[in-house]
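Below: the structure, in structure tokens.
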């Protein structure tokens, strides 16, 4: 198999999340429920890299943009941003992450919110979606990995990786 630079980046980011999950922890602590405690953190991100499942569609895997996440709790945060999407158009998003579980240091849950800019979905208008997510953070760097499901011929499934940087605590 030939690894393109984009596929290498996606694999490296996914491997980083998996390795974070493999850090030494006791077996009792491997899968846990996260206690809900207040936080106040601001994270910024430069968009996404998406590895699309339907490789024959020639979709845009590089999705640069700007986004922010405000983590107000150990289990929840709000997010909003804009990026250049898979259909080579601009999309906006706003949502809430809810990640009440952990596998080692990796948080598990979903992001639910509104998205726009996809021409085959409501003619590019806003729609709601819930997307399974994994997140790992270390000091001031982190990664969100979303498993985006395909929806008919309107939205194309992918594994999306979003690197982020903490700018305020």
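What follows is calculated from the coordinates using simple rules that are stated; it is not laboratory data. Computed from a predicted model, the values in this text were never measured in an experiment. Because the Cβ atoms are built from the backbone with ideal geometry, glycine has one as well, and the counts that use them run over all protein chains shown.
Here are the numbers:
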item	result
Paired Rg and Dmax values of segment 5-168, which use every Cα atom, in angstrom	15.7, 50
Residues residue 39 and residue 82, FRET efficiency given R0 of 22 Å [Cβ-Cβ distance, rounded to 0.05]	0.35
Burial ranking of peptide ranges 37-43, 134-140, 58-64 (average Cβ count within 10 Å, highest at the top)	134-140, 58-64, 37-43
Cα-projected label distance for residue 30 with residue 62, points at 7 Å along beta-carbon direction, nm	3.9
Overall dimensions of segment 123-169 as given by Cα atoms, namely Rg and Dmax in Å	13.9, 41
Normalised contact order of segment 5-168, rounded percent, pairs of Cα under 8 Å and 6 or more residues apart	23
Kirkwood estimate for segment 91-169, i.e. one over the average of 1/r between Cα atoms, Å	13.7
Dimensionless Rg/Rh of segment 26-116 - Kirkwood Rh, Rg from C-alpha atoms	1.06
Pair residue 74, residue 131: separation of 7 Å Cα→Cβ label points (nm)	2.7
Overall dimensions of segment 54-93 by Cα: Rg and Dmax, Å	13.5, 40
